[in-house]
Amino acid sequence: MKRIRVGIIGQGRSGRNIHAVVFNTEKLKEKFQLAAVADLDIARCKESCEENPGCKAYTDFREMLKDSSLDLIVNASQSPDHVPFSIEAMEAGHAVLCEKPLARTVSEADRVIAASKRTGQFFAVFQQSRFAPTFRKVLEVMNSGVLGRIVMVRVVFNGFSRRWDWQTLQDMNAGSLLNTGPHPLDQALQFFGNVDPETVFCRMDRANTWGDAEDHVKVILTAKGHPVIDMEVSSCAPPGQRVYEVYGTNGTLHGSHSELEWRFFDPADAPAHHLIREPLPDRAYCSEKLSFTTEKWTSSEQGMDFSYRTIKLYENLYDALVNGGKLEVTLEQVRRQIAVIEECHRQNPLSKLPLGV
Ligand SMILES: NC(=O)c1ccc[n+]([C@@H]2O[C@H](COP(=O)([O-])OP(=O)(O)OC[C@H]3O[C@@H](n4cnc5c(N)ncnc54)[C@H](O)[C@@H]3O)[C@@H](O)[C@H]2O)c1
C-alpha cells in the first residue's frame, strides 16, 4: 500500500493538534507518514518529530519544499499565507492540502486553482465539517423526502465568547466569517443544493472582540427553487440554541451538533380540504389533527470525536491521490463559498484598526 509522505507548514493549533496528530491513528498510519514539519518556532516542530521517527524539522518551510520525497504538503499556516504558500508548494512540485479559509476573494482563490492547473499538481482544501455525521444525517433526512419540499434551513454555529488573538484581525483574513464561517457555510451550501445563490444578504457586527474583524455574522442566501438559507456565526448568542433547523412542507427537523429530531406527516393520510373563500361557519379557525411520525437520532461517540472528521477527509484525500477517486469537497464548491464570503465583506465594510496596533 502506498504510504503518503506528508510535510506540514505550521505547527500551531491546526498544524499540530488537528493534522500532525492524526497520522499516528490506526485508521491512517498505514496510508500516511508524517515526514516533515516546518514552523518559525522549532520547539513546535520538535514535539511532532519526537512522536514520528524520521520526521524532519524545519524553521524555513521553503527548505522543506526542496525535499522531493514529500508527496503532500499540508498548508496549516496562518490564513493570509494560504494562497501564496500553496502556490509555492505546488510550484516546488508537491500536491497540496490547504486549511480553510482558502482565500479572502474569488480572484485569490482563482490564483491557486490556476497554479494547480499550470503545475499539474493536486490541490484540495481542508473542510472537515463536510464529514460531520450530524450534518450528513440532516442531509440524508432532507433528501429522503419525508419532510416534503424544503422551504428553509437554519444553520447556527453560535456561542458566547471573547477573543483577542490574530483571528480577530481583518488584515489576517480573520473574523468569524473567514474563521468559523467556512464550516457552517460549506454545510449550508450543500443544504442549498450546490448552485450559486441568486441573492446574498449579510450583516456583520463586532461584539466581544479586541480586533477589527466581525465576531457576529448573519447570512441569508436565496435562489428560486432552493430553500432559503439562514446562517449565523455569533460570539454574543444565548446558550442552548439549535444548530440545525429544517422547515419542510410535510415536516420539520431540529437538533444540535450531536442529536436530531424530526417529525413529519404523510399527506396521503391527512384530512382532505378544499379552499373556502367565505368566512368559516361559527367563526372557526382552520383546525385539524395531523398524525405526525417522530424520529430521533444521536451521533455515536466516535462520530463526535474531533479527529473523526479529519480522518474521514484524509481517507477521501488518499483515495483521490492514490486511486484517482473523487474528492468530496470540490474546488468549485470552495470557490462558491469564497464568493459568498467576498460578497458579505463587500456589504459590510468595517472600520480598520490604525496601522501598527
Ligand atoms: N479546519 C479547522 O477546524 C481549523 C481549526 C483551527 C485553525 N484552522 C486554520 O488553520 C490555520 C492556522 O491556524 P492556527 O489556529 O493553527 O494558528 P496558530 O497561530 O495556532 O498557528 C500558526 C503557526 O504557524 C506558524 N507560522 C507562522 N508563519 C510561518 C511561516 N512563515 N512558516 C512556518 N510556520 C509559520 C506559527 O509559528 C504558528 O505555530 C488558520 O488558517 C485557521 O483558519 C482550521
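A few comments on the model shown:
- Folded to 0 to 90 degrees: helix 82-91 orientation relative to the chain principal axis, Cα: 50 degrees
- Unit charges on C-beta of K, R, D, E only; dipole of the chain, Debye: 220 debye
- The angle separating the long axis of helix 42-51 from the principal Cα axis of greatest extent in the chain is about 80 degrees.
- Filtered trypsin sites (Lys or Arg not before Pro), the stretch 264-357: DSSP coil and at most 11 other beta carbons within 10 Å: 277, 289, 326
- P(r) weight above 34 Å for the chain, C-alpha pairs, percent: 33 percent
- Three-way shape label, the stretch 113-180, alpha-carbon gyration tensor, a/c 1.5: oblate
- Per-residue Karplus couplings for the stretch 321-337, computed as 6.51 cos²θ - 1.76 cosθ + 1.60 with θ equal to phi - 60°, are listed in order as 6, 8, 10, x, x, 8, 6, 6, 9, 8, 5, 4, 5, 5, 4, 5, 4 Hz, Gly and Pro entered as x.
- Remark: the stretch 256-273, residue by residue, has Karplus-estimated 3J(HN,Hα) of 9, 5, 10, 9, 10, 9, 9, 9, 8, 10, 9, x, 5, 9, 7, x, 7, 9 Hz, where x stands for each Gly or Pro and the curve is 6.51 cos²θ - 1.76 cosθ + 1.60 at θ = phi - 60°.
- The alpha carbon gyration tensor of the stretch 4-126 gives principal lengths a ≥ b ≥ c with a/c of 1.5 or higher and a/b greater than b/c, which makes the shape prolate.
- Helix 106-119 and the long axis of the chain differ in direction by around 50°, with both axes built from C-alpha atoms.
- Partnerless Cys - the chain, beta-carbon criterion under 4.7 Å: 45, 98, 236, 286
- Using 0.36 nm per residue and subtracting the Cα-Cα separation, the extra length available between residue 118 and residue 322 on full extension is 71.4 nm.
- Within the accessible area of the stretch 4-126 (1.4 Å probe), percent carbon and sulfur: 48 percent
- Amide N proximity, the stretch 167-195 versus residue 353 label position 7 Å along Cα-to-Cβ, cut-off under 18 Å: 167-180
- Gain upon complete extension [residue 165, residue 274; 0.36 nm per residue less C-alpha separation]: 33.2 nm
- With only the Cα atoms considered, the stretch 192-274 has a convex hull volume of 172 Å³ per residue.
- Loop-located chymotrypsin sites (Phe, Trp or Tyr not before Pro) in the stretch 154-255 whose Cβ has at most 14 other Cβ within 10 Å (DSSP): 164, 210
- Three-way shape call for the stretch 95-241 based on the alpha-carbon gyration tensor, with the a/c threshold at 1.5: oblate
- CD proxy at 222 nm, helix term only [per DSSP H run n ≥ 4: -39500 (n - 2.57); per residue of the chain; nearest 500]: -9000 deg cm²/dmol
- Highest-first arrangement of 170-179, 1-10, 250-259, where packing means the average Cβ count within 10 Å: 170-179, 1-10, 250-259
The values are calculated or read from the model by the stated rules, or taken from the named source; none is laboratory data. Predicted model, so just to flag it, every value in this text is computed and none were measured. Reconstructed Cβ throughout: ideal geometry from the backbone, glycine too, with neighbour counts over all protein chains shown. With ligands, DNA and RNA removed, areas are computed over all heavy atoms of the protein, side chains included. Shrake-Rupley method; radii C 1.70, N 1.55, O 1.52, S 1.80 Å.
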